[in-house]
Amino acid sequence: MKPDLPPIAAPVQLDHRSTELRLLADPRTFAAVRRTVRAQLGEWGLAELTTAAAMCVTELLSNVHKHVPSPRCVLRFTRITGGIRISVTDGDPAMPVVCEPDCLAERGRGLFLLTESVADWGARPDPVGGGKVVWFELRTDG
């Protein structure tokens, strides 16, 4: 018998350019989250960004799963001029650290690959929840 999957709430439209999804960062839900990424970007006419967005979202959620005491997080999509900003807010104030991985290392490549795949990215404290917000931007205009 398969264990129950952690719940994923339906995305909530915040305004005409922002949507958020409250979820538990669990690898068993990542495929469903990637489908949500594809649907949201398709709705906004940004389907060409889907592959990179899905990879980066999976990386951020994997980091929450591996490094944050609570898997509760918020995934937010914000339509920006020429692209998309996607952020993950979690409850841990520790900021992410990007390391250039050793070619023999079994871990540590995720954020490095993210930085090489996006137009911009960053992290900031979340003053409301006491954790952090890690975000990235992808652009259609190069």
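Go through Leu111, Thr81, Leu14 and say which Cα lies farthest out towards the positive end of the charge dipole of the chain; charges sit on Cβ, +1 for Lys and Arg, -1 for Asp and Glu.
It is Leu14.
Ratio of alpha-carbon Rg to the 2.2 N^0.38 Å globular estimate for the chain, to two decimals, please.
Output field value: 1.02.
Mind jotting down the distance between the C-alpha centroids of segment 4-48 and segment 64-80, whole Å?
11 Å
Rule-based calculations on the coordinates, nothing more; no lab input. Given the structure is predicted, the values throughout are model-derived calculations rather than measurements. All Cβ positions, even for glycine, are placed from backbone atoms using ideal geometry, and neighbour counts span all protein chains on display.
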